[in-house]
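Engineer: Before we start, here is the structure in question, set down as structure tokens.
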Amino acid sequence: MKTGKKQARASLPKTALPRIYKIDAEIASGKNPNSDDLARLCETSISTISRDIEFLRDQLSAPIEYDALNRGYYYTKKTFRLPAGFTSADDLLALGMARSIFSLYRETPLYEAASQLLECITTPIASDGNRSWLDNRIVVPKIASARINPDIWKIVVSGLKENRVIVFDYRGTWDEEYQKRRVRPYQLLFDNGVWYLYGFSEERNATRIFSLSRIKNAALGKDGFSLPKNYSYADFSGDSYFGVFIGQEKKSYTIDCYEEAVVFVSERQWAADQKIAKIKDGIKIEFSSTQYDKVLKWVLSSGCYVVPKKPKKLVDDWKWHIREMGKLAAK
């Protein structure tokens, strides 16, 4: 038999977080707000407020009572605030720090929604006066990033969620013109300010990596697909950590490092199998990787403080770049 009464919430939708915190703050203020007051404040219905109050009381153990004399809600424990029943102070602090880290994704269409959600979750930090130090003392410097068309982002995310082929025009690093591609999207990858799509290119009959900033005219295809057993980018990265790049051959590397590169290299994990040993005036690092182009760029970016020893191809390419830079410098 239908009673017409809506079932109480067993879980809290993420979209309700801002409203829940507003209700918590209003009740804790001692204003004795009633359902009408809270509905106006949160711009929602009285029935929604009633379910929120039930959720606060039943699921989050909020000590809410109704004061008939003042015609409003109050906390029987004056010191209660939502974090005590919802999450720990350490959790909120970690999320507050995550707000700063998330600024790396500012050029991503998901930034606005995600940053608002984090803002809502970490609202209690501001209520006790501790928020200012968090915003002013934990800072993530901006990096050069590639802008992404929001429509392209939506198509790619939909393809990932629904396991549907994506059709788009793409211009690679060495291409003069855009080319039509059909790709089964596997994963989104983020590296140094740029988002990439990792998936199976039907034209190449192989997995490929595509920069989202170089995609245009994207559309969801009609065809679906099933994920293969080993579809993850991590399965093919060769257990080295130089960013987004997959090579066809795993190589063994030996690189000598001197002066300022010694600390920089030794304090980081570049590959799962890396070994570091002392040499005269420096250190030697040995590792294996499929990410040849990335390793070459890293060696070149380190200037005169890094000297490759193996493989021979790396040594030869390193010397070629040095000669070409010398020619340019001579001009």
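Engineer: Given the conditions (1) touching a helix residue (DSSP H, G or I) at 6+ places or on another chain (Cβ under 7 Å); (2) surrounded by fewer than 15 Cβ atoms within 10 Å (Cβ to Cβ), report the number of the one that Asp175 does not fulfil.
Structural biologist: Condition (1) is where Asp175 drops out.
Engineer: Which one of these is over 30 Å from Leu188 (Cα atoms) and of a type in the set (Phe, Trp, Tyr): Trp318, Trp298? Full working, then the answer.
Structural biologist: Numbers: Trp298 fails: over 30 Å from Leu188 (Cα atoms).
Being over 30 Å from Leu188 (Cα atoms) and of a type in the set (Phe, Trp, Tyr) holds for just one of Trp318, Trp298, which is Trp318.
Engineer: Just checking, how many residues over the stretch 163-183 are within 16 Å of Lys216 (Cα to Cα) and in a strand (DSSP E or B)? Talk me through it step by step, then tell me what you get.
Structural biologist: To start, the set of residues in the stretch 163-183 that are within 16 Å of Lys216 (Cα to Cα) comprises 165-173, 175-183.
After this cut, where a residue has to be in a strand (DSSP E or B) as well, the list is 165-170, 179-183.
Counting residues in the stretch 163-183 that are within 16 Å of Lys216 (Cα to Cα) and in a strand (DSSP E or B) gives 11.
Engineer: Condition first: modelled with pLDDT under 90, aromatic (Phe, Trp, Tyr), part of a helix (DSSP H, G or I) and closer than 24 Å to Ser232 by Cα. Can you find one or more residues in the stretch 103-125 that meet it?
Structural biologist: First pass over the stretch 103-125, keeping only residues modelled with pLDDT under 90: 103-125.
Retained after the next criterion (residues that are aromatic (Phe, Trp, Tyr)): 105, 111.
Remaining after also requiring part of a helix (DSSP H, G or I): 105, 111.
From the residues that got through so far, the ones that are closer than 24 Å to Ser232 by Cα too are 105.
Yes - at least one qualifying residue is present in the stretch 103-125.
Engineer: Can you tell me which residue in the stretch 220-235 is nearest to Glu286 (Cα to Cα), limited to those that are assigned to a loop (DSSP other than H, G, I, E, B) and of a type outside the set (A, V, I, L, M, F, W, C)?
Structural biologist: Quick first cut of the stretch 220-235, residues assigned to a loop (DSSP other than H, G, I, E, B) only: 225-232.
Applying the additional criterion that residues be of a type outside the set (A, V, I, L, M, F, W, C) yields 226, 228-232.
Numbers: Ser226: 38, Pro228: 33, Lys229: 31, Asn230: 28, Tyr231: 28, Ser232: 26 Å.
Here the answer is Ser232.
Engineer: Of all the residues that make up the stretch 306-316, how many are part of a helix (DSSP H, G or I) and either under 20 Å from Gly243 (Cβ atoms) or among the hydrophobic types (A, V, I, L, M, F, W, C) (or both)? Break it down into steps so the answer makes sense when it comes.
Structural biologist: Step one: of the stretch 306-316, the residues part of a helix (DSSP H, G or I) are 312-316.
Then drop every residue that is not either under 20 Å from Gly243 (Cβ atoms) or among the hydrophobic types (A, V, I, L, M, F, W, C) (or both), which leaves 313-315.
Counting residues in the stretch 306-316 that are part of a helix (DSSP H, G or I) and either under 20 Å from Gly243 (Cβ atoms) or among the hydrophobic types (A, V, I, L, M, F, W, C) (or both) gives 3.
Engineer: On to the next question. Please specify each residue of the stretch 237-281 satisfying the condition of being within 19 Å of Val183 (Cβ to Cβ) and either of a type in the set (Lys, Arg) or touching a strand residue (DSSP E or B) at 6+ places or on another chain (Cβ under 7 Å) (or both).
Structural biologist: Val244, Ile246
Engineer: Hey, can you tell me all the residues within the stretch 236-261 that are hydrophobic (A, V, I, L, M, F, W, C) and either surrounded by fewer than 17 Cβ atoms within 10 Å (Cβ to Cβ) or part of a loop (DSSP other than H, G, I, E, B) (or both)?
Structural biologist: Our first condition is that a residue be hydrophobic (A, V, I, L, M, F, W, C); within the stretch 236-261, this holds for 236, 242, 244-246, 255, 257, 261.
Those that are hydrophobic (A, V, I, L, M, F, W, C) and either surrounded by fewer than 17 Cβ atoms within 10 Å (Cβ to Cβ) or part of a loop (DSSP other than H, G, I, E, B) (or both): Phe236, Phe242, Val244, Phe245, Ile246.
Engineer: Just for the stretch 301-331: of the residues that are of a type in the set (A, V, I, L, M) and in contact with an Asp or Glu (Cβ under 9 Å, 6 or more places away or on another chain), which one is nearest to Ser252 (Cα to Cα)? Let's see the steps before the verdict.
Structural biologist: Looking only at the stretch 301-331, we keep the residues that are of a type in the set (A, V, I, L, M), and these are 306-307, 314-315, 322, 325, 328-330.
Of the ones still in play, those that are also in contact with an Asp or Glu (Cβ under 9 Å, 6 or more places away or on another chain) are 306-307.
On the way: Val306: 16, Val307: 15 Å.
Across the stretch 301-331, the extreme among qualifying residues is Val307.
Engineer: For the condition in contact with a Leu (Cβ under 6 Å, 6 or more places away or on another chain) and closer than 30 Å to Leu160 by Cβ, what is the one hit in Val244, Val295? Talk me through it step by step, then tell me what you get.
Structural biologist: Values: Val295 fails: in contact with a Leu (Cβ under 6 Å, 6 or more places away or on another chain).
Every option except Val244 fails the conditions.
The values are calculated or read from the model by the stated rules, or taken from the named source; none is laboratory data. The model shown is predicted, which means the values in this text are computed figures rather than measured ones. So basically every Cβ, Gly included, is an ideal-geometry build from the backbone, and we count neighbours across all protein chains shown.
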